[in-house]
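Below is one structure, written out as structure tokens; comments come after it.
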Amino acid sequence: MKQIQLHDFNGGIHPNENKIQSTTLEILNANIPEKLILPIAQHIGAPSNPVVKPGDTVLKGQLIAQGEDFVSCNLHAPTSGTIGEISLQPVPHQSNMTATSIEIITDGKDKWLEHSGLENYLNAEPEQLIKLIQQAGITGLGGAGFPTHVKTSIPASKIDTVIINAAECEPYITSDDMLMREHSQEVIRGIEILCHILKPKQCLIGIENNKPQAIEALQQAIDKLESNAYHIQVASIPTKYPSGGEKQLIQILTGQEVPNGGLPADIGVLLQNVGTAHAIYQAIDKGEPLISRITTVTGDACQQPRNYRVLFGTQVKDLLAQANTNLSKVSRLVMGGPMMGITLQDTNTPVVKTTNCLIAASKHELPDPAQEQACIRCGMCTQACPAQLLPQQLYWFSKSSNLEQAKAHNIGDCIECGACSYVCPSNIPLVQYYRFAKGEIRQANADKLKSDGAKKRFDTRTARLEREQAEKDAKRKARSEAAAKKQAEKKAQEAANPTPAADSNTVAEIDIAALQKKLDATKLGIEKSKTKLAEAIASDSDKVEILQGALEKAQTKMKDLALKIAQAKKASKATPEATDPASETDPLIALKEKVLAAKTRMEKAQERLNMAKEQNLDTVDALQMGVDKQKAKLDAAQKTLEEASQ
Amino acid sequence: MKFLNISSPHATRAGNTGNVMRRVILATIPGIIALTYFFGPGHLIQIALATCVALVCEAAVLKLRHKPILFNLMDYSAVLTAVLLALSLPPYAPFWVTIVATSFAIIVAKQLYGGLGQNPFNPAMIGFALVLVSFPVAMTTSWSAPSELLENGISFGQALELIFSSRETIDAYTMATPLDVYKHQVGIETANEILANPIFTDTSSPATATGWIWVNLAFLAGGLFMLFKGLFTWHIPVSLLGTMGLLSLFIGWDSDQYVPLSLHMLAGATMLGAFFIATDPVTASTTPLGKIIYGGGIGILIYVIRTWGSYPDAVAFAVLLMNFAAPFIDQYTQPRTYGHKTATRGLAKKD
């Protein structure tokens with residue numbers, strides 16, 4: 001077997017391992033608690049959809065929630081029992097949030113649904129195996145919880161190297177270690193299945209050299225293989241946090257870096273956690289869906305730290321009780337490792353697919369954070385950063401919300417491993433500062449996307465309006481040109497057939513023009529009151545419709561009036577040198593009559609308004625104002641007429 | 001029951017800024033012992049005086065700024081500044097020189113810029129440069145003659161007297177430094193003639209002065225201790241001493257014309273500067289490549305000022321000049337981030 005060439009990654013730290021405590025005893029099956037709480041989103045991607053309802057009885061391994069999107073995941077009943085309520089329950093999350101969860105009241109019988117595995121996976125097509133993995137609801141058991149069927153669905157031709165992540169670099173956690181010690185053959189079997197799907201040229205199991213027993217067990221299991229077609233090899237790597245980070249492990253084992261913004265597949269690598277490989281074995285060979293996992297229960301407050309095989313949905317309190325934890329001694333309850341884990345507030349929180357460790361830490365082992373001191377730019381963080389960033393520069397930029405500079409210094413490449421905070425002599429919570437800046441950048445990007453969309457819509461609208469306006473203008477121009485042409489033709493005609501000079505009576509003409517103006521104003525008044533009425537309608541009852549009718553009638557009358565004036569004007573034009581006083585006064589009298597008629601109608605409208613008033617309609621005020629205004633206009637018109645007639 | 005609610009990481013290494021500063025102070029002890037052994041107790045008195053002044057000034061400004069006094073004094077940064085400044089000053093400089101230098105270093109060079117971590121210039125070197133240009137006589141005539149050249153050495157009482165009251169007898173105890181002597185004589189004498197000067201007690205070639213050799217070796221030892229403890233990286237001292245060495249080899253190979261390599265390396269404040277002054281993290285460059293440029297710049301400037309400038313030693317000015325450049329150097333020497341093809345250079349473009 002050829003020696004694997006190992007590479008180093010930048011930085012890294014050596015925190016106290018604290019792994020020995022939980023490896024003294026073998027893995028124990030955790031008790032079946034009275035109830036299980038199963039969040040429907042235990043993975044990356046769309047939450048699964050419950051396919052059971054309260055009161056249903058379920059068997060162990062029965063599907064209870066279906067992942068309907070491709071990037072989603074099935075969820076199965078970890079034991080037999082009855083579905084309780086489907087409600088919001090606390091879930092493992094830094095914000096202590098609640099999420100939709102299915103409750104199972106267990107019956108203690110732990111009765112399996114009938115199931116069977118494949119006799120020989122070698123006879124199965126990769127697609128069939130991926131389908132089975134998908135049905136079994138397997139997600140990455142390392143930490144992020146990415147659905148395994150999605151990861152394995154990339155074309156096999158792209159993958160040269162499959163890396164099994166067994167580094168388990170975080171302090172305290174020993175679940176993978178114990179799994180490999182006790183189930184090495186099953187783990188290797190799972191890896192073989194994975195290789196059968198992906199057809200890599202080589203398969204490397206990256207494991208830190210602080211797990212000699214696990215390395216030995218794996219090596220023995222590999223040696224027992226009849227044929228090692230995919231060159232599965234154990235690669236013992238130096239113990240250094242965070243060697244188990246995906247990017248770091250790839251760098252250690254291949255010397256290559258995952259390109260910025262890319263995936264491991266871009267450099268022909270696929271990485272799976274060792275626990276996931278075991279879950280694949282269980283799904284394919286035994287037909288068992290993913291319903292439990294190995295979780296390390298440890299910490300000073302825990303009397304006997306050890307690893308348990310825990311059913312998903314087991315509440316933390318049940319697990320801690322089984323491990324004889326002195327809760328009063330716990331100052332910090334961490335789910336996951338001490339470098340990247342989350343703190344829990346509520347012991348009702350369930351164990352989920354990604355829960356590799358529970359640390360019931362005393363104040364002594366994880367003391368309260370020390371007071372932050374000034375950054376002295378000592379650069380210890382730079383030396384520790386596995387992403388080759390400049391943490392102290394990122395700190396200054398984050399602290400001053402200088403997001404542009406933070407981005408220019410590649411804050412997005414920070415993997416939040418916590419190495420910088422660990423070494424900082426000034427006890428600055430660096431990672432928290434970066435999370436803040438990352439959040440701000442995310443928000444700013446979202447806002448920009450939104451405002452860009454709004455701007456695009458606005459620009460499109462403006463362009464459309466301009467285009468319509470231009471079209472209108474063009475039409476108008478064409479019309480006015482046509483009219484001018486007609487006019488010119490008419491003039492030319494007139495010039496050709498000259499008529500006697502028409503010396504109009506200028507005084508009468510001015511009077512008529514003034515009249516027309518007044519009446520136009522009256523018309524405007526009516527229209528105004530009409531809009532007011534419309535408002536009234538919009539706000540209230542059908543009674544107003546009557547008023548509206550009356551006002552509309554008045555309006556038509558006013559239009560008639562205007563028409564009459566226009567006719568009168570025409571008449572006055574048509575009768576040049578009409579020095580006869582009768583011809584001057586006659587149209588005025590007619591007009592006066594019309595105005596009076598309109599006035600009576602206005603009075604009728606007033607009456608109707610009074611009726612509305614009696615019925616106590618709250619729109620009366622608006623109506624009243626409109627009518628009053630109209631009346632005033634009519635009065636004014638009347639006055640003008642009188643003046644004109646003098 | 002209420003558990004602590006805090007985001008990761010949860011594990012941190014014990015310790016604080018005070019630990020770092022105390023270790024640096026600890027690393028100066030070999031140098032202090034050598035200085036006291038060869039040049040009398042002057043430096044001890046200066047350290048005590050400067051430390052008191054520094055603590056009082058720091059406390060006063062912290063009070064004015066409404067900052068917690070004890071918490072900030074316990075970071076030992078003021079003490080470290082005082083110790084490094086006192087080690088740079090001539091051992092028998094009058095007390096008011098020390099007081100002016102220290103108070104200016106703490107109040108103006110450090111606290112007026114915002115306190116620890118915010119000062120662009122090395123406070124100790126600002127204090128030193130201020131008194132060097134303001135009181136040139138006191139600063140050049142207060143260097144002690146090596147104890148072995150004095151009949152009875154300098155007693156503690158005599159040292160106190162020299163610093164605090166009578167300076168009439170000062171000429172009996174002081175002498176120009178080897179760098180000064182060599183620099184001013186090299187124009188008119190050959191190397192062998194210069195080495196006849198009693199200050200070069202070790203007359204064997206290459207030219208050196210025993211006291212200064214030991215002092216520099218002691219500071220080198222302290223520096224290596226800090227390097228081993230990971231208080232700084234190798235970049236700055238190696239690049240600083242490397243450029244100085246190369247320059248004196250290529251330019252100053254003729255000891256009849258220039259100060260020789262041995263004297264550059266093992267006289268004056270070379271090792272103190274390379275390991276204790278230039279590595280001050282607050283004012284130095286922080287990127288790996290930037291540290292090499294920064295240290296190299298200091299090395300070149302020290303050599304240039306010592307050789308062609310008017311001052312016999314040049315650590316303070318060289319460090320201060322490179323302090324100016326440190327933020328700029330940082331911007332253009334960012335390391336290549338994981339997964340990126342190239343490193344970012346310079347600031348982000350403003351839209």
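The values are calculated or read from the model by the stated rules, or taken from the named source; none is laboratory data. Worth saying up front: this structure is predicted, and the values here are computed from it rather than measured. Backbone-built Cβ (ideal geometry, glycine too); neighbour counts: all protein chains shown. Side chains included, ligands, DNA and RNA excluded: accessible areas come from the protein's heavy atoms. Shrake-Rupley method; radii C 1.70, N 1.55, O 1.52, S 1.80 Å.
Worth a mention:
- Sole residue being assigned by TED's automatic domain parsing to the domain that holds A:Q233, of a type in the set (D, E) and part of a strand (DSSP E or B), chosen from A:E85, A:E68: A:E85
- Meeting the requirement of 1 or more residues that are within 37 Å of the chain's Cα centre (by Cα) and surrounded by fewer than 22 Cβ atoms within 10 Å (Cβ to Cβ), the strands (runs of 3 or more DSSP E) wholly within region A:299-381 are A:306-311.
- Any hit, region B:131-140, residues being touching a Gly at 6+ places or on another chain (Cβ under 7 Å) and modelled with pLDDT of 85 or more: no
- Some residue of region A:51-59 being open to solvent by less than 30 Å² (accessible area, probe 1.4 Å) and in contact (Cβ under 8 Å) with a residue 60 or more places away in the chain: no
- For region B:2-49, the set of residues classified as within 7 Å of chain A (Cβ to nearest Cβ), out of contact with any Lys or Arg (no Cβ under 8 Å at 6 or more places or on another chain) and at negative phi consists of B:N5, B:S8, B:P9, B:A11, B:T12, B:R13, B:N16, B:T17, B:N19, B:V20, listed by residue number.
- B:G273 being surrounded by 23 or more Cβ atoms within 10 Å (Cβ to Cβ) and assigned to a loop (DSSP other than H, G, I, E, B): no
- Annotation note: Cβ proximity below 9 Å between a residue of region A:385-406 that is more than 10 Å from every other protein chain (Cβ to nearest Cβ) and outside any helix (DSSP H, G or I) and a residue that is aliphatic (A, V, I, L, M) and open to solvent by less than 30 Å² (accessible area, probe 1.4 Å) (sequence gap 6+ or interchain) occurs for A:S401/A:A437.
- Region A:240-293 - residue that is of a type in the set (D, E, K, R) and over 28 Å from the mean Cα position of the chain (by Cα) and, of those, nearest to the other protein chains (Cβ to nearest Cβ): A:E257
- Among the residues listed as A:T24, A:T79, the single one being closer than 19 Å to A:F312 by Cα, of a type outside the set (G, A, S) and assigned by TED's automatic domain parsing to the domain that holds A:K286: A:T79
- B:D75, sole failed condition from (1) buried (at least 23 other Cβ atoms within 10 Å of the Cβ); (2) under 25 Å from B:R167 (Cα atoms); (3) at pLDDT below 95: (2)
- Qualifying residues in region A:420-466 (those that are hydroxyl-bearing (S, T, Y) and more than 12 Å from chain B (Cβ to nearest Cβ)) - the one nearest to B:L231 (Cα to Cα): A:S451
- Number of residues in region B:109-131 that are in a helix (DSSP H, G or I) and within 14 Å of another protein chain (Cβ to nearest Cβ): the value is 4.
- Output for region A:9-37, where each listed residue is closer than 19 Å to A:V234 by Cβ and either within 14 Å of another protein chain (Cβ to nearest Cβ) or open to solvent by 50 Å² or more (accessible area, probe 1.4 Å) (or both): A:K19
- Number of the condition not met by B:N323 [criteria: (1) modelled with pLDDT of 90 or more; (2) surrounded by fewer than 18 Cβ atoms within 10 Å (Cβ to Cβ)]: (2)
- Conditions (1) at pLDDT 95 or above; (2) assigned to a helix (DSSP H, G or I): number failed by A:P289: (2)
- Boolean, A:N307 is away from chain B (no Cβ under 14 Å) and without any contact (Cβ under 8 Å) to a residue 40 or more places away in the chain: no
- Taken as a whole, the structure leaves B:Q118 outside the set of residues that are within 20 Å of B:A60 (Cβ to Cβ) and buried (at least 23 other Cβ atoms within 10 Å of the Cβ).
- Every listed requirement among (1) within 37 Å of the chain's Cα centre (by Cα); (2) open to solvent by less than 70 Å² (accessible area, probe 1.4 Å) is met by A:F458 save one, (2).
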